[in-house]
Amino acid sequence: MLTKIFPFIDWFKGYNVSALRADAISGLTVALVLIPQSMAYAQLAGMPAYYGLYASFLPPLVAALFGSSRQLATGPVAVVSLMTAASLEPLATAGSEGYIAFAILLALMVGLFQFLLGVLKLGLVVNFLSHPVVNGFTNAAAIIIASSQLSKMFGVYVDKAQHHYETIIRVVQGAIHYTHWPTLAMGALAFAIMVGLKRINPKIPNVLAAVAVCTIISWSIGFNHDAAVSAEAIRIPEVRQSITEFNAAVKGIDELAKRRTELNGALDAAKQAGDSIGVLDAEHDLSVINIKIARLKLSAHDLRKDLRAVLMDGVKEAGGAMAFYRQGEAPTATDGRTWRVKVGNAPLDTANLKMIGGGAIVGTVPSGIPAISAPKLDLKIILHLIPFAAIISLLGFMEAISIAKAMAAKTGQRLDPNQELIGQGLANMLGACGKSYPASGSFSRSAVNLQAGAVTGMSSVFTSLMVVIVLLFFTPLLYHLPQAVLAAVIMMAVIGLINASGFIHAWKAQWYDGAISILSFICTLAFAPHLDKGIMVGVALSLAVFLYKSMRPKVASLSRSEDKSLRDATAFGLRECRHIAVVRFDGPLFFANASFLEDQITDRMMGNDKLRHIIIVANGINDMDASGEEALSLIVDRVRAAGVDISLCGVNESVMAVLERTHLLEKIGRDHVYPTMETAICATHESAHRDGEEENCPLTTVCRLA
């Protein structure tokens, strides 16, 4: 009982120094991959990079302690990070305080959902995400993730559009207008190091090597070169005017947003008071304000775009102050850099304007462990995030359990999916208290953990310990880490998620599975960044196919084949017996398909006036409800009323119990229920063929269609 609550107690049975050494080495090896990866994935989730380290502190430790897999490495992963961003972007600006608070709340909700599924032993609910749906979604997510990093690789800044493909078009247009070549070179160098080291020796931590080399180069060449100046230092009147107009638009949006909040309160009060006129007035005012906000947002977007498009030359004036002129219009020699205005969603400080003259870096990473506290709860936000939390929890668990199963097959370890759900749930819940966003099991880091020789979950304890040491003592070393390198790390990691053969395999298995996989892929790409819609389409299609197959199970007419067995006459090109119809029903007989069996029996009777006996092969009928029993009773009455006899064979225990309880067995006749097809044919063949014209019976002799 104690080991059910605290599974990690089992680690220490027969644990020795050599196992401890193996776990320590594995934990340190995983940490070398996790630290740079986690920072990259945090940015993919729309969080500051160092929040990836926070998500690598408690989740790996807790998931290992309370999960069932001993080698599963938990932490930030690509797909869950992308889903986090997709969930929160409609609520707040990426990277803002509100956005971070919502991400932490989302982690708590995901954890709670997973924990409850585990405690209630509902791990099977993950089966609603079929393999074709997950394959289509994962391939699309990999493309979305990789393409989302292009702006950081090219060093361009664009506003996100309503659809992901529109954002990529903006990035390409921005890159054509201006690409920061040192940024692109830094990203390309990171790629070259990771690919090269992977080919030379896969055991070398190639991600850490790329990060270390590029960070040193960034520091030594002054890769980041920003300047803070007043707006007057920009000697382009049109730019100064655009800055003024942009600030006015942003401030106008903020003021209208406050007014909208007040009106929402007034609308709620009017509804509670039953004041219909007050409700209409508030709704009208809200509509007007929403239109004004939309116009201001469009204006701010256009101004942002114009400001970002202006390329400037920097000139040092007397006294060392910098002045900026439109590129090619500087009156004297320039510093050789291309300068741009850093424009975000907040108003620009005209006295302290940020100018970009180099590449983007991670910047300051706070030292120390985050304060442990419960996330702030907001009912409206919780209600909005519930569907996203459910999808992320299922996707994250599906990724984690598939990895854990693959490793368990190699190690021979017994895996408990419900215990793994509890472990993942506690990891996200307690992680949320440590400022983590949603985490899950990582395929790449779990593989590293297994290859490095991890024996127990102690390896994840050592991984968390390494992250704590980095947070306490080594965060200043991350200051000069280029953003383009983190983008390269993400792109390199998601290449492994692309699996085109999965579509082909699904199609070969069943064409409709292949179609569902392809449609899930297309819909996920088309609806991005609203990734939940792609999954919903896939799940809906899977359920539709399941329902159709349940309503229309295969009903086969059987004949003798070359191997002496009874086969589907249509599939094998065999002639059917004119006097006996051996009908096999492949599926449970219940309300959704009961009438379908009636129709199939009726069709066979109407299509063959020589028919004397029908044998229903019930081997495939594993269950029967009241509607199925009623339909079978009607079939017996109708068939015998037409002068044709009917029998059953291969009836299993559960169906036989239904026949006995409803007394349908007496109506059919116990002597008309046979244990096997062969006994049924032997018992009915002579009487059915008496005075018949059939020379060779397809039930006893192989008779192929001409």
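The values are calculated or read from the model by the stated rules, or taken from the named source; none is laboratory data. Quantities reported herein were computed from a predicted structural model and do not represent experimental measurements. FYI the Cβ positions are ideal-geometry reconstructions off the backbone, even for glycines, and counts take in every protein chain you see. Calculation scope for accessible area: heavy atoms of the full protein, side chains included, ligands and nucleic acids excluded. Shrake-Rupley method; radii C 1.70, N 1.55, O 1.52, S 1.80 Å.
Helix-derived [θ] at 222 nm for the chain: sum -39500 (n - 2.57) over DSSP H runs of at least 4, divide by residue count, nearest 500? Don't skip to the end; give the middle numbers.
Working: 27 runs with 413 residues, N = 706.
Computed ellipticity for the chain at 222 nm equals -19000 deg cm²/dmol.
Pop out the carbon and sulfur fraction of the accessible area of the chain as a percent, whole number, probe 1.4 Å.
On the way: 20460 of 32900 Å².
Carbon with sulfur: 62 percent of the solvent-accessible area.
Once each part is reduced to its C-alpha centroid, what is the distance from segment 431-496 to segment 647-689 in angstrom?
Comparing the Cα centres of segment 431-496 and segment 647-689, I get a distance of 63 Å.
Less than 27 Å apart at the alpha-carbon level, and either on another chain or at least 8 residues along: which lysines does that give for Lys258?
Within reach: Lys160, Lys271, Lys292, Lys297, Lys305, Lys342, Lys376, Lys380.
Principal axes first, then extents: for the Cα atoms of segment 110-204, list largest minus smallest coordinate on each axis, whole Å, largest first.
Largest first, segment 110-204 extends 55, 43, 26 Å along its Cα principal axes.
Of all the Cα-Cα pairs you can form in segment 306-377, what percent are over 22 Å apart? Please report the intermediate quantities before stating the final value.
On the way: 1107 of 2556 pairs.
Considering segment 306-377, 43 percent of its Cα-Cα pairs are separated by more than 22 Å.
Per the Kirkwood definition applied to all pairs of different Cα atoms, how many angstroms is the hydrodynamic radius of segment 180-329?
Numbers: mean 1/r = 0.0483 Å⁻¹.
For segment 180-329, inverting the mean 1/r across all distinct Cα pairs yields 20.7 Å.
What translational D, rounded to a whole number of µm²/s, comes out for segment 62-119 from Stokes-Einstein when the hydrodynamic radius is the Kirkwood one over Cα pairs, at 20 °C and 1.002 mPa s?
On the way: Rh = 13.0 Å.
Rounded to a whole number, D works out at 165 µm²/s.
How far is helix 164-177 tilted off the main Cα axis of the chain, in degrees rounded to 10, range 0 to 90?
Computed tilt is about 40 degrees.
Which is the longest stretch in the chain that no exposed loop site breaks, taking sites as trypsin sites (Lys or Arg not before Pro) with a DSSP loop state and at most 13 other Cβ atoms within 10 Å? Present the calculation step by step, with values, prior to reporting the outcome.
Working: sites that count: Lys13, Lys121, Lys203, Lys376, Arg414, Lys564, Lys610, Arg690.
With trypsin sites (Lys or Arg not before Pro) excluded where exposed in loops, the chain gives 204-375 as its longest stretch.
What do you reckon, how do Thr179, Thr700 stack up by accessible area (1.4 Å probe), largest on top?
Accessible-area ranking of Thr179, Thr700, largest first: Thr700, Thr179.
Counting C-alpha atoms alone, how compact is segment 582-706: give Rg to one decimal and Dmax as a whole number, in angstrom.
Every Cα atom of segment 582-706 included, Rg and Dmax give 14.5, 47 Å.
For segment 1-151, how big is the tail of P(r) above 19 Å, as a whole percent of Cα pairs? Mind showing how you got there, number by number?
Details: 7214 of 11325 pairs.
When all Cα pairs of segment 1-151 are counted, 64 percent exceed 19 Å.
Would you please calculate the Kirkwood hydrodynamic radius of segment 628-691 over all C-alpha pairs and express it in Å, rounded to one decimal?
On the way: mean 1/r = 0.0800 Å⁻¹.
For segment 628-691, the Kirkwood estimate is 12.5 Å.
Please get the size of the charge dipole for segment 335-414, origin at its Cα centre, with Cβ charges of +1 on Lys and Arg and -1 on Asp and Glu, quoted in debye to the nearest 20. Intermediate results must be reported in sequence, preceding the final value.
On the way: 9 positive and 4 negative charges, 45 e Å.
Roughly 220 debye, rounded to the nearest 20.
Helix 78-88 sits at what angle to the longest principal axis of the chain, using alpha carbons and giving 0 to 90 degrees rounded to 10?
Between the helix axis and the principal axis of the chain, the angle is about 80 degrees.
What does the convex hull of the alpha-carbon atoms of segment 202-250 project to on average, in nm²? Walk me through the numbers on the way to the answer.
Working: hull surface 25.8 nm².
Spelled out: convex hull of the Cα atoms, projected over all directions, averaged, 6.5 nm².
Relative contact order, percent, of segment 67-173 when contacts are C-alpha pairs under 8 Å separated by at least 6 residues? Can you show the working numbers first?
Working: 37 pairs, mean separation 21.6, N = 107.
Value for segment 67-173: 20 percent.
Rounded to a whole number, what is D in µm²/s for the chain from Stokes-Einstein with the Kirkwood radius over alpha-carbon pairs (20 °C, 1.002 mPa s)? Please report the intermediate quantities before stating the final value.
On the way: Rh = 30.2 Å.
Answer from the Stokes-Einstein relation: 71 µm²/s.
For Asn224, what is the net charge nearby, where nearby means another residue's Cβ is under 14 Å from its Cβ and Lys, Arg count +1, Asp, Glu -1? Numbers along the way, then the final one.
Details: positive: Lys152, Arg337, Arg340, Lys342, Lys354; negative: Asp226.
Here the charged neighbours net out to +4.
Report the label-to-label distance for Asn201 and Ile382 in nanometres (one decimal), using points 7 Å from each Cα along the Cα→Cβ vector.
Placing both labels 7 Å beyond Cα along the Cβ direction yields 5.3 nm.
Go through segment 627-706 and name the GluC sites (Glu not before Pro) that are in a DSSP coil and have 13 or fewer other Cβ atoms within 10 Å of their Cβ.
Values: sites: Glu629, Glu630, Glu653, Glu660, Glu666, Glu678, Glu686, Glu693, Glu694, Glu695; in loops: Glu693, Glu694, Glu695.
Of the GluC sites (Glu not before Pro), the ones in loops of segment 627-706 whose Cβ has at most 13 other Cβ atoms within 10 Å are Glu693, Glu695.
What whole-number value in Å² describes the accessible area per residue of segment 1-90 for a 1.4 Å probe?
Numbers: 2800 Å² over 90 residues.
Per residue, segment 1-90 has 31 Å² of solvent-accessible surface.
Among Tyr548, Cys214, Gly363, whose Cα lies farthest out toward the positive end of the dipole of the chain, if unit charges sit on the beta carbon of Lys, Arg (+1) and Asp, Glu (-1)?
Sorting the options by dipole projection puts first Cys214.
Could you give P(r) for segment 506-547, binned at 10 Å from zero, as whole percent values over all Cα-Cα pairs?
34, 50, 16, 0
If you average the sequence gap of Cα pairs under 8 Å that are 6 or more apart and divide by the length of the chain, what percent do you get for the contact order? Let's see the in-between values first.
Details: 1233 pairs, mean separation 163.2, N = 706.
With pairs under 8 Å counted, the relative contact order is 23 percent.
How big is the Rg/Rh ratio for segment 454-578, C-alpha atoms only, Rh by Kirkwood, two decimals? All intermediate terms of the calculation are to be shown ahead of the outcome.
Working: Rg = 26.4 Å, Rh = 20.7 Å.
Here the Rg-to-Rh quotient is 1.28.
Expressed as a fraction of 2.2 N^0.38 Å, the rule-of-thumb size for a compact globular protein of N residues, what is the C-alpha radius of gyration of segment 287-446?
Compactness ratio reported: 1.68.
Only four residue types carry charge here, +1 at the Cβ of Lys and Arg and -1 at the Cβ of Asp and Glu. Report the dipole size of segment 498-604 about the Cα centre in Debye, rounded to the nearest 20.
Details: 12 positive and 10 negative charges, 49 e Å.
So the dipole magnitude of segment 498-604 works out to roughly 240 debye.
Among Asn127, Gly75, Ala140, whose Cα sits farthest toward the positive end of the charge dipole of segment 1-151 (+1 at Cβ of Lys/Arg, -1 at Cβ of Asp/Glu, about the Cα centre)?
Asn127
Quick check: Cα centre of segment 84-98 to Cα centre of segment 369-406, how many Å?
Between the Cα centre of segment 84-98 and that of segment 369-406, the gap is 15 Å.
In whole Å, how far is the Cα centre of segment 19-69 from that of segment 596-613?
For segment 19-69 versus segment 596-613, the Cα centre distance is 65 Å.
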